[in-house]
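Here's the structure we're looking at; comments come further down.
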Amino acid sequence: MTVKLLSVLLLVTLLTLSLPATVFATDVEEVDLPEVRLDGGFVNKIVPLMEGKSKIIVDYTKFIITMDTDIREGDGMLVEGAFVDVRADRHHGKLLATRITVLAEATDELRFEGGKITALDLDMGTVVVEGTKLFITADTVLDEGLMVGDFVKVRADRMDHKLIATEIRLIGVGSVLEE
């Protein structure tokens, strides 16, 4: 009798352990993801989509424009080559633009009267000033000794959706601007 009881208990235990556990999500908490901000970038491409939507590519980041996107064209039109700020929310793996502000119309020349270098790679021929990536060529007039943190005056030409620096001049070292 004891052997039968132990056999039954062992069988019940094995069956219980082998059953897959089912989990039901009853209290799923929504997570607020931070707003995505792209401060100052060039519109590389605008692609019309179906159902009143468009895709815009700014500095190689894709955003979806919907009927709810607040487009502010105070300083120029939203066209390829325009310099813009973008605010967006994440939604199912995509970036939905909530606001696009045109900061400068599409031109072939860009000028910074004073910007801080945030990244510099002379071997790769790139410099980032105030979040804007510039390419350095053999023709670029470049002050010697530039370092991350320096303040510079920049002139650049837009070619093939890239900014090619024509001149980068030092106007301040670190956090000190020269008079």
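Derivation of every value follows stated rules applied to the coordinates shown; laboratory data play no part. For clarity, every value in this text was computed on a predicted model and none was experimentally measured. Quick reminder, even Gly has a Cβ in these numbers, built from the backbone with ideal geometry, and neighbours come from all protein chains shown.
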Legend entry - Integer Hz, Karplus 6.51/-1.76/1.60 couplings in order for segment 44-51, x for Gly and Pro: 7, 7, 10, 10, x, 10, 7, 6
Legend entry - Exceeding the 19 Å Cα-Cα cut-off - candidates K45/K153; K55/K94; K62/K162; K53/K133: K45/K153; K53/K133
Legend entry - Placed amide H near T98: partners under 5 Å, 5+ positions off or other chain: R87, A88, D89
Inset, instruction - Alpha carbons only, please: Rg and Dmax for segment 109-174, in angstrom. - result: 10.4, 32
Inset, instruction - Quick one: net charge around I46, please, counting Lys, Arg +1 and Asp, Glu -1 for every other residue with C-beta under 9 Å from its C-beta. - result: +1
Legend entry - Cα centroid separation - segment 143-158 against segment 76-137, whole Å: 16
Inset, instruction - Lys and Arg at +1, Asp and Glu at -1: add these up for the other residues within a Cβ distance under 13 Å of G149 and post the number. - result: -1
